[in-house]
Every structure is written in structure tokens, then in C-alpha cells.
Amino acid sequence: MSTFLNIHSAEEYASAFLQKLVDYSPRVVSAFVVLIVGLYAIRLINRFVKRVMIQRALDPTLSKFLADILLWALRVLLFVTFISRLGIETSSFVAILGAAGLAVGLSLQGSLSNFAGGMLIILFKPFRVGDTIEAQNVTGTVSEIQIFVTKLITGHNQTIFIPNGILSNGVIINYSMESIRKAELTLAISYDTDIRQAKEIITGIMAANPKVLKDPEPVVVVRELTAQSIILAVRPWSTNDDFGTMPSEILEACKAAFDKAGLSIQPYNVEVSRS
């Protein structure tokens with residue numbers, strides 16, 4: 001008798017399960033249809049937005065940033081729609097998601113600061129990709145501006161990542177924002193040297209170098225008189241492209257011209273006071 005009741009109960013459970021499955025299957029099918037169509041629509045929208053940004057000639061970093069935000073916002077919206085189609089109460093889910101987001105936000109305050117710093121850099125553009133900058137005691141060429149960090153490539157081909165939070169709140173020297181740069185070179189000559197002759201030699205060298213600009217005019221001035229020597233400041237201008245090699249060419253030509261003229265370059269000693 002008990003065996004008969006067990007079989008009967010199992011048949012009832014199976015029948016109820018199948019009935020529930022049949023009743024719930026339209027929701028599952030419709031939810032997955034919405035998911036598949038939504039993913040395809042998001043892909044089309046993302047491509048369309050990127051194409052519009054390219055046509056409007058927006059900054060590449062800003063375009064990528066906005067496209068990523070739009071992509072994830074649409075994905076979250078699609079996920080909420082998907083679970084709603086499955087019959088899951090979205091209000092409680094959103095409340096749980098909000099509480100989790102608050103907890104994550106409190107634990108990732110540094111990351112949120114970097115995120116805000118990235119937005120400030122992208123919006124106000126103190127530098128762009130390809131610019132040479134100096135920040136946080138590091139000098140390099142901006143390779144990529146990401147949401148949380150900025151990637152620099154140094155002159156030694158080292159990759160450095162600087163968090164956007166401290167980068168946006170610190171001092172940034174952009175060497176590429178202006179098209180030309182001035183070099184500050186120093187030469188030390190002895191007190192026996194004719195200053196006018198030395199200045200004429202240096203001025204002639206700068207005038208003969210095609211990488212030195214004529215406007216602004218390069219100058220040579222006496223910067224300092226030390227106990228050992230006279231310090232001359234040599235200030236030539238060049239374009240950013242020529243600035244890497246121009247200073248060394250000027251110094252090398254000055255050494256050769258001074259040797260030919262019988263003038264000596266003194267060692268540049270820094271005096272250290274002792275208490």
C-alpha cells in the first residue's frame with residue numbers, strides 16, 4: 001500500500017513540476033530572446049556612437065571613455081530587464097545592488113579618486129596622448145590615458161603608470177603644449193678669458209646651427225661670477241622635434257671652437273658651504 005502511495009506522490013510531483021515548467025517556459029524563452037536581441041542592439045549602438053564621435057573629430061581618449069561608459073550602462077540596463085522578464089523582483093535586487101555598490105565604493109575610495117582624476121584629465125586636457133610631460137618626478141611621453149592611470153614611456157623606454165588621482169592634483173609640466181622650447185646651457189670660462197670673444201664664438205655657433213631658431217633670438221649672457229670661473233648662460237630656441245639633439249650639438253661645437261681659439265672651459269664646481 002505504501003509503495004502505491006509513493007508512486008502516486010512521485011507522479012503528482014512530476015506532473016506539478018512539468019506544469020510549472022510549461023507555465024514558466026514562455027518567461028524563460030522571452031527573457032533569453034530579450035538578452036540575445038539586447039546584446040546585438042548594444043553592439044550596434046556602440047559602433048554607431050563610435051562612428052559619430054570619429055566624424056565629429058572628438059578626442060580619441062574622450063571617445064573611448066564615453067563609449068565604455070555607455071556600453072556598461074546599457075549592459076546593466078539589459079541585465080535588469082533580463083531578470084525582470086524571468087519574474088525576479090527587481091526592486092529588492094536594485095536595493096541589494098545599491099548597498100553592495102556603497103560598500104564597494106567605501107572600500108575603493110582610492111580607485112574612485114583615480115576615476116575622478118581620469119575624468120578631469122580627459123575633460124580639461126592638461127595633456128594629450130603623444131605629449132611629453134613631467135609629473136610626480138617622472139618625465140616621459142604619454143602613451144595612453146586610461147580611466148584609473150596614465151601610461152608614460154620614458155626616454156629609457158621604461159613604462160610608468162601614474163594614478164590619475166595624484167596626477168590631476170599635482171603639478172604637470174607639458175613640454176609639448178607649445179611648439180618651441182628654450183634650452184638653458186651653461187659654460188664656465190676663466191677670468192683670463194675675453195668674455196666678448198667667448199660670446200661672439202657661441203653666438204656664431206648658434207647662428208650656424210639650422211636647428212636653432214632665429215626668432216626668438218638666441219642669447220648669451222653672464223649668469224654668475226664664482227670664485228673659480230665666469231658662468232655663461234647660453235639660451236637657444238628650437239622646435240620640439242629638434243630639442244633632443246640641439247643642446248648637445250651646441251655644446252660640442254662650443255668645445256671645438258674654444259679649443260681652436262685657445263680658450264679653455266673651466267670645470268663647473270658647485271661651492272658647498274660647511275658649518
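Considering each of Glu184, Glu200, Glu224 in turn, give the residue that is of a type outside the set (A, V, I, L, M) and either in contact (Cβ under 8 Å) with a residue 12 or more places away in the chain or on the phi > 0 side of the Ramachandran plot (or both).
Glu184
I need the full set of residues from the range 75-114 which are at pLDDT 80 or above and closer than 19 Å to Phe148 by Cα, in order please.
Ser113, Asn114
Counting only residues that are within 13 Å of Phe115 (Cβ to Cβ) and hydroxyl-bearing (Ser, Thr, Tyr), how many does the range 140-157 have?
So the count comes out to 1.
In the range 113-135, what residues are in contact with a helix residue (DSSP H, G or I) (Cβ under 7 Å, 6 or more places away or on another chain) and surrounded by 15 or more Cβ atoms within 10 Å (Cβ to Cβ)?
Answer for the range 113-135, where residues must be in contact with a helix residue (DSSP H, G or I) (Cβ under 7 Å, 6 or more places away or on another chain) and surrounded by 15 or more Cβ atoms within 10 Å (Cβ to Cβ): Ser113, Asn114, Gly117, Gly118, Leu120, Ile121, Ile122, Ala135.
Give the range 172-199 a look and list any residue that's hydroxyl-bearing (Ser, Thr, Tyr) and farther than 30 Å from Phe124 by Cα, or say none.
Hits for the range 172-199 are Thr186, Ser190, Tyr191, Thr193.
The values are calculated or read from the model by the stated rules, or taken from the named source; none is laboratory data. What you are looking at is a predicted structure, and each value in this text was computed from that prediction instead of being measured. For neighbour counting, all protein chains shown are included, and Cβ atoms are generated from backbone atoms with ideal geometry for every residue, glycine included.
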